[in-house]
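Asks: The structure that follows is given in the form of structure tokens.
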Amino acid sequence: MYCLGKKLRFSLFGKSHGPCVGGILEGIPAGFRLDEAAVAAAMARRRPTSGIGTDRVEADRVEFVQGLRHSVTDGTPLLMIIRNQNVRDDGRYLTFAATPRPGHADLPALLKFPGFDIRGGGQFSGRLTAPIVAAGAVAAQLLAEDNIRIAAFCRSIGPVADPAPRTFAEAQGSTAFASRACNTELDREMQDCIKAARADGDSTGGVVECLIEGLPIGFGGIWFESLDAELAAAVFAIPACKGVEFGKGFAITEMRGSESNDDYRMQDGRIVTESNNMGGIVGGMADGAPVVFRAAFKPTPSIAKPQDTVNLQTAENAELQVKGRHDPCIAPRAAAVVEAVTALVIADQAARGF
Ligand SMILES: Cc1cc2nc3c(=O)[nH]c(=O)nc-3n(C[C@H](O)[C@H](O)[C@H](O)COP(=O)(O)O)c2cc1C
């Protein structure tokens with residue numbers, strides 16, 4: 001199993017073409033009433049949309065096998081499974097065992113794990129993000145009790161970028177749009193960009209931005225347990241994530257300290273920052289401003305266009321054309337996954353008393 005967190009501990013298991021994917025969440029207090037409809041709503045936000053997502057659409061019903069009785073936690077580990085029902089096992093994936101897909105995990109996984117089940121990408125499949133979203137939805141409900149809220153949206157898809165600063169409400173509103181853009185016009189442009197890539201037998205990347213509200217000043221750890229370090233590690237674990245930046249991110253290097261420092265002011269008896277270049281975190285701890293970070297998702301590796309690869313059986317150069325069902329862009333679906341790992345990290349840090 002693959003584990004995240006120390007006190008609120010999440011363990012992930014499964015593979016694309018196995019009977020199910022699932023997770024175990026340890027450390028939830030007994031007597032917590034879980035809103036199962038809210039979990040189902042989070043699962044729906046991860047579901048692919050026709051035209052801009054894979055044709056592999058799953059029911060994604062979360063089964064709480066143990067740890068929950070009449071929607072109330074009993075204090076034992078919460079075991080969640082999601083059955084893999086829409087599995088196509090027509091041998092297409094076996095091609096990749098001989099000719100691994102560039103950009104995907106095939107080559108290192110085949111060489112590293114004897115007997116690797118390459119169908120659907122095995123344990124490297126985006127399918128494993130389903131239980132992450134389920135567990136994240138549970139963690140988000142724990143955080144809501146402390147008025148801590150998380151929302152993500154698509155800041156860009158390919159060259160289509162949203163230039164405006166976005167409020168928490170706008171980020172939340174992105175759930176109304178298939179591309180996870182913040183408004184109708186951007187949604188149309190982002191969807192067009194994804195459809196154009198797919199029509200070319202290609203794929204495109206995108207940037208997901210995530211906002212966290214309600215963290216008290218000082219929330220977080222230090223050094224290797226710092227809030228930004230743990231968030232970045234968890235977000236980087238999402239398949240296809242290639243970069244994470246907080247606040248102004250890499251662009252902060254172009255500023256002077258006099259511009260980049262977020263000056264403090266008193267406002268209605270509260271300490272506030274005048275700007276948010278740090279993304280709400282200094283010294284690994286919340287500084288009272290909303291936490292803002294962005295995650296870059298690469299173009300989907302599986303593309304219909306011919307690509308150069310090698311044939312592992314003949315040790316010769318080869319050409320590969322990927323067939324099968326794939327997302328032409330990962331970012332819109334990844335927004336729900338970014339929200340989920342963020343909730344798991346924050347809830348774990350909260351459980352550790354940070
Ligand atoms: C929600 C989600 C859906 C994904 N769908 C696909 C897909 O349809 N086809 C594909 O080749 N990769 C897909 N990926 C990405 C691969 O899983 C990922 O690129 C691969 O495991 C290699 O890992 P890396 O990109 O982090 O190096 C998806 C990722 C996520 C998060």
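Nothing in this text is a laboratory measurement; each read-out follows from the coordinates by a stated rule. The structure displayed is predicted, hence computed values, not measured ones. Glycine also receives a Cβ, built like all others from the backbone with ideal geometry; neighbour counts cover every protein chain displayed.
Asks: Based solely on its DSSP helices, what 222 nm [θ] is calculated for the chain when runs of n ≥ 4 H residues each add -39,500 (n - 2.57) and the sum is averaged over all residues, nearest 500 deg cm²/dmol?
Replies: -8000 deg cm²/dmol
Asks: I've got another one for you. Per residue and in cubic angstrom, what volume does the convex hull of the Cα atoms of the stretch 231-354 have?
Replies: Residue-normalised Cα hull volume stands at 183 Å³.
Asks: State which helices in the chain qualify, where a helix is a whole DSSP H run, it must extend 15 Å or more along its own axis by its Cα atoms, and its mean Kyte-Doolittle hydropathy must be at least -0.5.
Replies: Length and hydropathy pass: 36-46, 129-144, 331-351.
Asks: How big is the chain by Rg and Dmax over its Cα atoms, in Å?
Replies: Reported Rg and Dmax, both Å: 20.8, 72.
Asks: Using the number of other C-beta atoms within 10 angstrom as an exposure proxy, rank D262, D308 with the fewest first.
Replies: Taking fewest neighbouring Cβ atoms as first place, the list is D308, D262.
Asks: Determine the gain in length on full extension of the stretch D117-I252; use 0.36 nm per residue of separation and subtract their C-alpha separation, reporting nm with one decimal.
Replies: 44.3 nm
Asks: So for each of 198-204, 161-167 I average, over its residues, the number of other beta carbons within 10 Å; can you give me the resulting order with the highest mean first?
Replies: Descending packing order for the listed peptides: 198-204, 161-167.
Asks: Further, regarding this structure: Among H17, H326, what is the fewest-to-most ranking by other Cβ atoms within 10 Å?
Replies: H17, H326
Asks: Could you compute Rg(Cα) / (2.2 N^0.38 Å) for the stretch 52-113, with N its residue count?
Replies: Here the answer is 1.70, to two decimals.
Asks: Calculate the tail of P(r) for the stretch 1-60: the fraction of all Cα-Cα distances greater than 16 Å, expressed in %.
Replies: Result for the distance tail: 63 percent.
Asks: If you bin every alpha carbon distance in the stretch 1-110 into 5 Å steps from zero, what whole percent lands in each bin?
Replies: Result returned by the calculation: 2, 10, 14, 19, 19, 14, 10, 7, 4, 1, 0.
Asks: With the Cα gyration tensor of the stretch 107-233 in hand, give its eigenvalues times 5 under a square root as the equivalent ellipsoid semi-axes, listed largest first in whole angstrom.
Replies: Largest first, the stretch 107-233 gives 28, 26, 14 Å.
Asks: Between T95 and H70, what is the spin-label point distance in nm, taking each point 7 Å from the Cα along the Cα→C-beta axis?
Replies: Spacing of the two 7 Å Cα→Cβ label points: 5.4 nm.
Asks: If neighbour count is taken as other Cβ atoms inside 10 Å, put V133, V244, V337, V57 in order from fewest to most.
Replies: Neighbour counts put them in this order, fewest first: V57, V244, V133, V337.
Asks: Right, here's the next one. Check G220: other-chain or 5+ apart residues with amide H under 5 Å from its amide H, H built from backbone geometry?
Replies: Correct list: A286.
Asks: Taking 0.36 nm per residue of sequence separation and subtracting the Cα-Cα distance, how much length would be gained by fully extending the chain between A199 and T314, in nm to one decimal?
Replies: Difference between extended and current length: 38.1 nm.
Asks: Write down the percent of antiparallel bridges among all DSSP beta bridges whose residues are both part of the chain, to the nearest 5.
Replies: Given both bridge residues lie in the chain, the antiparallel proportion sits at roughly 95 percent.
Asks: Additional query: Distance between the C-alpha centers of the stretch 25-87 and the stretch 109-153? Whole Å please.
Replies: Result: 11 Å between the Cα centres.
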